[in-house]
Amino acid sequence: MARIQIRGGRPLAGSVEISGAKNAALPILMAALLTDQPCRLAAVPHLKDVATTMELLGQMGVVISLGERSEVELHAAELHTDLAPYDLVRTMRASILVLGPLLARNGSARVSLPGGCAIGARPVDLHLKGLAAMGAEIHVEGGYIQARAARLKGARVVLDTVTVTGTENILMAATLAEGTTVIENAAQEPEVVDLAECLITMGADITGHGTNTITVRGCDRLAGYDYQVLPDRIEAGTFLVAAAMTGGRVRAANVRPGLLDAVLQKLEESGASIAVDHDSVEVDMAGRRPRAVNVTTAPYPGFPTDMQAQFTALNAIAEGTGLVRETVFENRFMHVLELQRLGADMQIEGNVVVVRGVERLTGAPVMATDLRASACLVLAGLVAEGDTIVDRVYHIDRGYENIEEKFGQLGARIRRLPA
Ligand code: UD1
């Protein structure tokens, strides 16, 4: 298995171009199932999860071609099957996003249950409850969700917990339902908004996206889309935290600064100077050691759970003690044990990690456990003395495009070791 080797100790400096957002690209690619017309998506990041999505859609009969400059063309003229098999779903939970579009377009869907994963139980009960409220008949049999509906009907769907992919599944299903669907306690994440904006270009009638109540008036058919994915706020945040940790100065280009508010506020609290332009953000730590910050994860516009591990790493080498509270997922502290191997002083107390900053970390072999946890190990490696080798890099490749090239351009000593 490929590994990444990092020799720490260099402040990062320079500019990094941020890719399209994984969590927006995946649902928008799935939305191609909603129409028999051709679709074109630009700024699609080169990631393992995107490849898995294309494989999944390809197996269903979607004709896909890759254009230049991160463009993807998709045409779901006819679907061969309504099956999302276990082999693909288990490598990517977001495969569940085929459920809503398939059911709406095709009248049936069979999707493997995603099952547990490294960051807690992550059930899909709310996806199913929402679609059932819209008239779908749903059974779980042999590990598969089997859903049917001659035509979905608009309904009031109240989500008990804010769920990003749950909101997206119901939103996509509702575009082709008969009548009006109101999604309450909807996720307000920018990636949900991006999906809604794309669906609107296809002819969907959606209002309220970006608030906690989304209203969808269903229609009979949708046209194709020609759309560009929004920039990845988590990738941007990861590079900016790396800048702060190394005492460096990094400009993240191609970002929407307004979507990074919660993260930039914490970076400022940690002592970084921040300069914001219309589509870029620069963090300058001017050689200083960051101060510890307290963070509590929450659905958007709160502090993103996908940035929790990176700030845990920042606190590891910061001045003072920081409390990191995780409220979105259970068991999302797998990275703590690995950071401890590098010499971090941190304890887990329930859903809080108490991090006492140390002056230095020491390089060691560590293991990536999930996507964001693996990114935090790279960040820790950038400041650790000596060599850190991160194993199970495939987790990083699920969500970060060319991570070693991008860090390398900023002056990091980082390379991929072949399997
Ligand atoms: C999405 C993101 C992921 C991010 C997460 C939270 C994608 C592809 N992934 O994941 O990067 O970390 O949002 O911002 O966009 N829940 C239920 N029942 C359900 C669905 C969810 O109880 O049916 C719970 C989950 O266990 C979790 C919480 O709701 O505690 C939020 O999860 P959710 O927003 O659904 O995460 P994902 O959409 O899987």
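A short reminder: the numbers here are calculations on the coordinates, not readings from a lab. What you see is a predicted model, and the numbers here were worked out from it, not measured in a lab. Every residue, glycine as well, gets a Cβ built from its backbone with ideal geometry; the counts of neighbours run over all protein chains shown.
Taking segment 364-419, which trypsin sites (Lys or Arg not before Pro) meet the DSSP loop condition and have no more than 10 other C-beta atoms within 10 Å?
Working: sites: 372, 392, 398, 406, 413, 415, 416; in loops: 392, 398.
Passing sites in segment 364-419 do not exist.
Which loop trypsin sites (Lys or Arg not before Pro) in segment 84-115, with loop taken from DSSP, have no more than 15 other Cβ atoms within 10 angstrom of their Cβ? Write out the running numbers ahead of the final one.
Details: sites: 90, 93, 105, 110; in loops: 90.
Of the trypsin sites (Lys or Arg not before Pro), the ones in loops of segment 84-115 whose Cβ has at most 15 other Cβ atoms within 10 Å are 90.
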Open item on the list: If amide hydrogens are placed 1.01 Å from N in the peptide plane, which non-local residues have theirs closer than 5 Å to the one on residue 158?
Closed with: 184
Open item on the list: I need the shape label for segment 324-419. Rule: rounded when a/c is under 1.5, else prolate if a/b > b/c, else oblate, with a, b, c from the alpha carbon gyration tensor.
Closed with: oblate
Task: Karplus-derived HN-Hα couplings along segment 285-293 (A = 6.51, B = -1.76, C = 1.60, θ = phi - 60°), whole Hz, x at Gly and Pro - done: 9, 6, x, 7, 8, x, 8, 5, 10
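Just need the relative contact order of the chain here, percent rounded to a whole number, with Cα pairs under 8 Å and 6+ apart. Please list the in-between numbers first.
Numbers: 1070 pairs, mean separation 88.6, N = 419.
It rounds to 21 percent for the chain.
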Open item on the list: What distance in nm separates the two pseudo spin-label positions at residue 354 and residue 79, each 7 Å out from Cα along the beta-carbon direction?
Closed with: 5.2
Task: Gain on full stretching of the segment that runs from residue 261 to residue 140 - 0.36 nm per residue minus C-alpha separation - done: 39.5 nm
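Contact order normalised by length for segment 265-419, with contacts defined as Cα pairs under 8 Å and 6 or more residues apart; what percent is it? Could the numbers behind the result be given before it?
Details: 281 pairs, mean separation 25.8, N = 155.
Across segment 265-419, relative contact order equals 17 percent.
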TODO: Starting with the highest mean, order 166-172, 299-305, 231-237 by the number of other Cβ atoms within 10 Å, averaged over the residues of each peptide.
DONE: 166-172, 231-237, 299-305
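Quick one: how many lysine pairs in the chain have C-alpha atoms under 18 angstrom apart, if they're 8 or more apart or on different chains?
4
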Task: Sites residue 90 and residue 294 - FRET efficiency at Förster radius 30 Å, r taken between beta-carbons, to 0.05 - done: 0.25
TODO: Quick one: which residues, 5+ away or cross-chain, put their amide H under 5 Å from the amide H of residue 230? H built at 1.01 Å from N.
DONE: 21
Open item on the list: Below 8 Å between Cα atoms, with a sequence gap of 6+, how large is the relative contact order for segment 71-163 in percent?
Closed with: 25
- [ ] Give a residue-ordered list of calculated ³J(HN,Hα) values for segment 73-89 (Karplus: 6.51 cos²θ - 1.76 cosθ + 1.60, θ = phi - 60°; whole Hz; x for Gly, Pro).
- [x] 10, 9, 9, 9, 4, 9, 9, 7, 8, 10, 9, 10, x, 3, 4, 8, 5
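Using unit Cβ charges (K, R positive; D, E negative) and no other charged atoms, how large, in debye to the nearest 20, is the dipole of segment 100-191 about its Cα centre? Working shown, then result.
Numbers: 8 positive and 9 negative charges, 63 e Å.
Charge dipole, segment 100-191, about its Cα centre: 300 debye, nearest 20.
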- [ ] Output the antiparallel fraction of DSSP beta bridges having both residues in the chain, as a percent to the nearest 5.
- [x] 70
- [ ] Kindly state, to the nearest 0.05, the FRET efficiency for residue 416 paired with residue 113, given R0 = 35 Å and r defined as their beta-carbon distance.
- [x] 0.55
Open item on the list: Using the Cα centre of the chain as origin and beta-carbon charges of +1 (Lys, Arg) and -1 (Asp, Glu), tell me which of 313, 243, 13 is placed farthest towards the positive end of the dipole.
Closed with: 313
Task: Computed lengthening from residue 223 to residue 180, 0.36 nm per intervening residue step minus Cα-Cα distance - done: 13.6 nm
- [ ] Treating only the Cβ atoms of Lys and Arg (+1) and Asp and Glu (-1) as charged, compute the dipole magnitude of segment 345-419 about its Cα centre; round to the nearest 20 debye.
- [x] 120
TODO: Convert 25 °C to kelvin, take the viscosity as 0.890 mPa s, use the Kirkwood radius over C-alpha pairs of the chain as Rh, and evaluate the Stokes-Einstein diffusion coefficient in µm²/s, rounded to a whole number.
DONE: 113
TODO: Calculate for the chain the 222 nm mean residue ellipticity that helices alone would give, adding -39,500 (n - 2.57) per DSSP H run of length 4 or more and normalising by residue count, nearest 500 deg cm²/dmol.
DONE: -9000 deg cm²/dmol
Task: 3J(HN,Hα) from dihedral phi, segment 306-316, Karplus parametrisation 6.51/-1.76/1.60, rounded to Hz, x for glycine, proline - done: 6, 10, 5, 5, 5, 6, 5, 5, 4, 4, 4
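Are there trypsin sites (Lys or Arg not before Pro) in segment 1-74 that DSSP puts in a loop and that have at most 16 other Cβ atoms within 10 Å, and which ones?
Sites meeting the loop and neighbour criteria: 69.
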Open item on the list: Quick one: the Cα spread of segment 261-399 along its three principal axes, in angstroms, biggest first?
Closed with: 39, 33, 30
TODO: Could you pull out every residue, at least 5 positions away or on a different chain, whose amide H is within less than 5 Å of the one on residue 145? Hs are placed 1.01 Å off N in the peptide plane, and Pro or chain starts have none.
DONE: 111, 112, 113
Task: Computed magnitude of the charge dipole of the chain (debye, nearest 20; Cβ of K, R +1, Cβ of D, E -1) - done: 720
